[in-house]
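The values are calculated or read from the model by the stated rules, or taken from the named source; none is laboratory data. Everything numeric in this text was worked out from a predicted model, so none of it was measured. When we count neighbours, we look across all protein chains shown, and the Cβ atoms used for this are built from the backbone with ideal geometry, even at glycine. In case anyone asks, the SASA skips ligands and DNA or RNA and just uses the protein heavy atoms, side chains included. Shrake-Rupley method; radii C 1.70, N 1.55, O 1.52, S 1.80 Å.
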Amino acid sequence: NPKAPVLRSGTSEPQVPGNGTRDKPASLIGNVSATDHSRSQQPGRRKQPEREMPSRFKPSPSPSPSPSPRMPSPSGDTWQTLLRSSSRRTWCQDWDAAVSAVLEGRSSSLDTVWGMFQPSAALRDTLHNYSKMVKHAIASPQDARLLIFQLYGDAGLGNQILPYISALALAMVTQRVLLVKHEKLTAKSLLSDIFCQPYPMLKHDDHPWVNHKAQEVFYPWGGGTMTSDWAVLCNDLGRVNHTPVVQSNQYFLPGLYRSRFLSENITRMIPWPESFRMLLRHVIRPSHGMASQLQRYLEANLMQTTHRLIGVHIRWKEAVQSPSLYRLISACVDLHNSSNPVYVSTMFTAVRKLFAKELHDRLLPPITSSAEGQMLGNRNHNFDAMLEMILLSSAGRLSLFGGSTFSYIAHGARGDQSIVRWPWFERNVCINRIHSQPCWHFAPQPIAVDSELCPVVRSSKYDDLVNLSLPMWPTYLPRKERRALRAAGKLPIQNKC
């Protein structure tokens, strides 16, 4: 018999704020079948407990027809009011107009599916100036200073979103316009129609950029001798005359705050505490179809609520084989001492069946399809994955998966200190994750060890906070050695990454 799970905490347990106006993200979505809709009417089923829903998802009276053109109100819009007043054709433009109203000071905020978009004055100015720079580049491409970002074609959705946000921040700080280079798979995921693009789509191979980029470009990783993440940390990309090309599947944003070339500017332009959550809420905008499916799921499953959602993410197949899987996660988020509804995000049917056996009607119906495993580049798979990220980000309690970029986004979108725990299956314990920023998995050696070739800044305003986004173990060890240490149980339990 497995040992009873032990609850460990890196810090004192955070208090869970009540329902109100705190800065918290959004909720659910999904294809709800007729069986799901009618389950409360089926004979023999016990009555489902009432479920609390964040106030931004509660129904409100239908508004009167909006005037045309639609102008955001000074008090701020919500994604639901936008959905009621927009058509599929105008949805992205209306969302962009609501964001522009915030950046220009005509509206106080925009309540997005991820949470409140209400940047500080410094970040608002940065985003507004970047938008103007993009418009100028489109009008005069020959004068544009560009940064080309190339995603890995085989990266999952989380490993596309995190480096994309990092590259966008790099472009803003170096006063360049970001162009995203298409790959076979990424064209079907991050750059597909599951998102509204925050800026005009500037494809690196489209007119008018082809001739402009026929000029010499600069690959800062040195033709294979240096990784892109190292190069971002060690090169002054703001002063390079040629067009830099950066390729990564990592959340390298923390490195910009350590760079001796960029630290001062990014600290002023993009304050670290709001960097990830506000950039995410700004650039990852659901399409009309995604927002509509979200609203339908809410109406079908969480419209009458009194309790906050409990969210669970099970990522790796090894966890499915753990004999204490359910008991450990139950200890992490206290499944049985409440009547709260539970959503389990997993790619494995066996996991869902296990939780359904224990939770019965408290387990919400799935958003995702019945397909097993991860399907890179599949539009429907990425569509479902994005909806599950949004759903988990709204939960009052979360059991997430250590090291998973999917979990990082669900946690980082929140921007608060609600209860978030990682189950450590090998050691049968739960630990608190003490901050909501994603981690830079494979930070280069100068982050951990002083280097004459690449000195870094270690005394910036946000240095202690940036440290929380770095692994505790030596980040310069090759991946193969790290994996061997992990398999041998010699890497430390940590509450950061």
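The figures follow:
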read-out: Output for region 422-460, where each listed residue is farther than 24 Å from ARG281 by Cβ and of a type in the set (Ser, Thr, Tyr); value: SER451, SER459, SER460
read-out: Scope region 124-158; condition touching a helix residue (DSSP H, G or I) at 6+ places or on another chain (Cβ under 6 Å), under 19 Å from LEU280 (Cα atoms) and open to solvent by less than 40 Å² (accessible area, probe 1.4 Å); matching residues; value: THR126, LEU127, TYR130, PHE149, LEU151, LEU157, GLY158
read-out: Selection status of VAL466, touching a Lys or Arg at 6+ places or on another chain (Cβ under 8 Å), modelled with pLDDT of 80 or more and part of a helix (DSSP H, G or I); value: yes
read-out: Qualifying residue in region 371-387 (condition: modelled with pLDDT of 85 or more and within 24 Å of SER324 (Cβ to Cβ)); value: no
read-out: Check on ILE447, open to solvent by less than 20 Å² (accessible area, probe 1.4 Å) and either touching a Leu at 6+ places or on another chain (Cβ under 8 Å) or farther than 22 Å from LEU233 by Cα (or both); value: yes
read-out: Criterion violated by TRP424 - all others in (1) outside the structural domain of LEU233 (by the TED database); (2) within 24 Å of TYR462 (Cα to Cα) satisfied; value: (2)
read-out: Region 123-171, residues that are polar (S, T, N, Q) and either in contact with an Asp or Glu (Cβ under 8 Å, 6 or more places away or on another chain) or at pLDDT 90 or above (or both); value: THR126, ASN129, SER131, GLN150, SER166
read-out: Number of positions in region 232-257 that are outside any strand (DSSP E or B) and either open to solvent by 10 Å² or more (accessible area, probe 1.4 Å) or without any contact (Cβ under 8 Å) to a residue 60 or more places away in the chain (or both); value: 10
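Residues are listed down the side, and each one gets a yes or a no for (1) in contact with an Asp or Glu (Cβ under 6 Å, 6 or more places away or on another chain); (2) within 25 Å of ILE266 (Cα to Cα):
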| site | (1), (2) |
| --- | --- |
| THR81 | no, no |
| SER86 | yes, no |
| THR90 | no, no |
| ALA97 | no, no |
| VAL102 | no, yes |
| SER109 | no, yes |
| THR112 | no, yes |
| MET116 | yes, yes |
| ALA121 | no, yes |
